[in-house]
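Have a look at the structure below before the remarks.
Every number in this text was worked out from the coordinates using simple rules, so none of it is lab data. From a predicted model like this one, the values you see are computed outputs, not experimental measurements. Note that each Cβ is placed from the backbone with ideal geometry, even for glycine, and that neighbours are counted across all protein chains shown.
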């Protein structure tokens, strides 16, 4: 039943008969193929990045980053929103098939609400940095939006996007595929510089994509967007939202990595000069999507 729909240009889909749990198991969208450094599931990525920021905020970063870390713990803990379609429709008591259809639709919409809630919380944490963090706030230009400031900072600092993560490019590439499959629904998410198939993302493009989705969610009532769409389209929107949340996590870890440039953690027994090792904080942050603890263990 498993098929990698993100790379199947004929469908934007959940396979027929596939459960939502099965659908989630395919979240990684081919990004882990032939990889010795596999991408963490989304919620674990949020938690691990959050935990790293909490710990680094004590010694190597400011307390603002610890607050972001605790916020990411909240993102990782958002599991399920319940939506009851036809809650007061008494006619569903008499029509079993219709009730099953409505229940299934309610499950799909509930899952979409969960992902949108998770995305909004992560995106709000990202914007929090432009307001509260001094070094980022100083970079804001006159009449420049918050997301424009962040994307510009990332473009200027990470000129070689290969430093960021192979998985980052894979996630952006999957959103581009969704935009190609369904340009009416997802085409506006893609920045102009990524319009061609060959174009590679810059470090700031993930923020630009996430900001466009955030604008859509802010101005289009969810209750009106699902009236005329098929369950398959709702599932595609759910998947794109998860990908966008991942891009927000990348933006946060890149900003923190920039802030920690030149900082090193001491790992091991510090009383034994021959036993302790120095690990780049920047490297740890840029590996947060694959498990920074594993990176420490491998040093």
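Observations, loosely collected:
- Inter-probe distance in nm under a simple model that places probes 7 Å from Cα toward Cβ, at residue 70 and residue 216: 3.4 nm
- Ranked by the mean number of other Cβ atoms within 10 Å per residue, highest first, peptides 191-197, 285-291 order as 285-291, 191-197.
- Ordering of 199-205, 238-244 by packing [mean C-beta count within 10 Å, highest first]: 238-244, 199-205
- Listed peptides 148-158, 44-54 by packing density, highest first (mean Cβ within 10 Å): 44-54, 148-158
- Label-point separation, residue 145 to residue 283 (7 Å along Cα→Cβ), nm: 3.7 nm
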